[in-house]
Amino acid sequence: MADTVKSVAVQDIRFPTSLESDGSDAMNKAPDYSCPYVTITTESGLQGFGISFTVGRGNDIVCKAIELLSHLVVGRDINAILKDFASFWRSLTSEDQIRWLGPEKGVMHMAVAGIANAVWDLWARKENKPLWKLLVDMEPDQLVSTIDFRYITDALTKEEALDILKSMQTGKAKREQELAASGFPAYTTSCAWLGYSDEKIERLCKEAMAEGFTRFKMKVGSDLEDDKRRAKILRQTMGPDNLLMVDANQKWEVPEAIDWMKQLAQYKITWIEEPTSPDDVLGHAAISKALQPLGIGVATGEQCQNRVMFKQFLASGAMQFCQIDSCRLGGVSENLAVILMAKKFGVPVCPHGGGVGLCEYIQHLSVFDYISVSGSLDNRMTEYTAHLHEHFVSPAEMKNGCYVLPQTPGYSIEMKSSSLASYVWPTGQVWQKLIQDGVYKLN
Ligand SMILES: C[C@H](O)[C@@H](O)[C@@H](O)[C@H](O)C(=O)O
Ligand SMILES: [Mg+2]
């Protein structure tokens, strides 16, 4: 029976995270974590919620872009959309008068993610399953049918994707039980944002260790002496065996990245993340080659525009850790494409979680990856950041430094109505107060 989509509503939600330097890095000194919050409602009353992640003022453009695309969803039968998701997704990325703004990159692709993620949330709720379970339980044929393979068939065909999924059917139940018992391994970025003092990073690292974390990421890239000092504090606090990753958020030239990392290598670094421009495949390959003898890998992906760019990085040895992003890519199905390509090229997937709602999302993708695709936890860990979880109805939960398997139906992104009311820009109470106090300006 048809169930028509009645409305696609979008709200501009922002959080003043920059006031405490939460989320700060070498290129984003004062980020306010923000998201367009999408609510899709059908005639029968089904709902799906979705976000895309942005920083501060840019949020209103993505909200507008979602409004522009919403005519492709409103009035359509949701069951027809779910029956042929890949065609629906292609309609979003191919809209005649909007495609020119991309294609499949930047603002428009983030808008696609907001809508696509909401549809996936609705789908999982309809099936009364958490999203990871919806994916894990899907027959390989159905799962593959949700993916748009356009532009990646030279790296991964539909048939190869099917073969991967079919070959991993055995052992799925056991892997699910394993994760239910011990959770999915995480690392925390929240001890060492760039704007935090030495005292604060040491204290937060101790607290995180007490909570069971054994893997930590530190922001680098503004000042080498600062980076050395902070890496020393962290290494001393966490001990010799725990993992330390560093993230430059695109700060360096290629030779600069290599030199800088040679100086930090003494602190035993697992990966350098986003050393240079996120579009520079050759640069990442050169850095990977130069740092390989030091045991340092290159991680990137949070600003990798689409599956086509991931293909370049994966196939050319330019990335040793694949950081899919639930909102930079066009939602769940494009992430599935990259997860499957990463499997083919033997690169571990370690999703990006530094932003509002991203931890809520990526836990589902990692769990699916382990159970249905990679079957391995080697070199795999999912980012965790400690902020803003209190705004979600079913927030991501951590235990002993691992994500607890989510159980609530959906994609874990529904926000509390009180939080939406407080943080909607610019009319929410929190923003009204900050504007009245002169802390923020309207534009
Ligand atoms: C502005 C943001 O907080 C970024 O610094 C963050 O996403 C970061 O790159 C990360 O890897 O978590
Ligand atoms: Mg990063």
Requested in this report: Any chance you could count how many residues in region 48-77 are within 16 Å of ligand 2 (Cβ to nearest atom) and either touching a Gly at 6+ places or on another chain (Cβ under 6 Å) or part of a helix (DSSP H, G or I) (or both)?
Outcome: 1
Query raised in the report: Wholly within region 329-443, which helices (runs of 4 or more DSSP H) include no fewer than the required count, namely at least 2 residues that are crowded, with 24+ Cβ neighbours inside 10 Å?
Result: 332-345, 358-368
Report summary line: Checked against (1) within 13 Å of ligand 2 (Cβ to nearest atom); (2) of a type in the set (A, V, I, L, M, F, W, C); (3) within 24 Å of VAL404 (Cβ to Cβ), VAL246 satisfies every condition except (3)
Query raised in the report: Of all residues in region 240-274, which are more than 16 Å from ligand 1 (Cβ to nearest atom) and closer than 16 Å to ALA192 by Cβ?
Result: ASN242, LEU264, TYR267, LYS268
Query raised in the report: What about TRP100, is it aromatic (Phe, Trp, Tyr) and within 20 Å of HIS364 (Cβ to Cβ)?
Result: no
Report summary line: GLY23 passes all but one of the listed conditions (1) surrounded by 24 or more Cβ atoms within 10 Å (Cβ to Cβ); (2) within 16 Å of ligand 1 (Cβ to nearest atom); (3) part of a helix (DSSP H, G or I); the exception is number (3)
Query raised in the report: ASP121 fails exactly one of the following numbered conditions: (1) among the acidic types (Asp, Glu); (2) in a helix (DSSP H, G or I); (3) more than 30 Å from MET138 (Cα to Cα). What is the number of that condition?
Result: (3)
Requested in this report: Could you grab me the full set of residues in region 290-345 that are more than 16 Å from ligand 2 (Cβ to nearest atom) and of a type in the set (Asp, Glu)?
Outcome: GLU334
Query - Options SER34, SER7: the member that is assigned to a strand (DSSP E or B), touching a residue at least 12 places away in the same chain (Cβ under 8 Å), surrounded by fewer than 16 Cβ atoms within 10 Å (Cβ to Cβ) and away from ligand 2 (no atom under 16 Å from the Cβ) - result: SER7
Query - Residue list for region 134-178, restricted to those being β-branched (Val, Ile, Thr), in contact with a Phe, Trp or Tyr (Cβ under 8 Å, 6 or more places away or on another chain) and assigned to a helix (DSSP H, G or I) - result: VAL136
Query - Selection within region 144-198 - under 30 Å from PHE213 (Cβ atoms), in contact with a helix residue (DSSP H, G or I) (Cβ under 7 Å, 6 or more places away or on another chain) and of a type in the set (Val, Ile, Thr) - result: THR188
Report task. For region 217-233, state whether one or more residues are under 30 Å from PHE310 (Cβ atoms), of a type in the set (Val, Ile, Thr) and within 16 Å of ligand 1 (Cβ to nearest atom). Result -> yes
Query raised in the report: Can you tell me which residues in region 239-257 are surrounded by fewer than 21 Cβ atoms within 10 Å (Cβ to Cβ) and assigned to a helix (DSSP H, G or I)?
Result: VAL254, PRO255, GLU256
Query raised in the report: So which pairs qualify, if the first residue must be in region 348-376 and touching a residue at least 60 places away in the same chain (Cβ under 8 Å), the second must be away from ligand 1 (no atom under 13 Å from the Cβ) and of a type in the set (Ser, Thr, Tyr), the Cβ gap must be under 6 Å, and the two must be at least 6 apart or on different chains?
Result: GLN363/TYR403
Query raised in the report: Among the candidates GLY221, GLY195, which residue alone is touching a residue at least 60 places away in the same chain (Cβ under 8 Å), within 25 Å of VAL356 (Cβ to Cβ) and touching a Phe, Trp or Tyr at 6+ places or on another chain (Cβ under 8 Å)?
Result: GLY221
Query - Test result for PHE15, more than 16 Å from ligand 2 (Cβ to nearest atom) and within 21 Å of LEU388 (Cβ to Cβ) - result: yes
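Readers should treat all values here as calculations from the given coordinates under stated rules, not as data from a laboratory. As the structure is a prediction and not an experimental result, all values here were calculated from the model. A quick note on method: Cβ atoms are made from the backbone with ideal geometry, for glycine too, and the neighbour counts reach across all protein chains shown.
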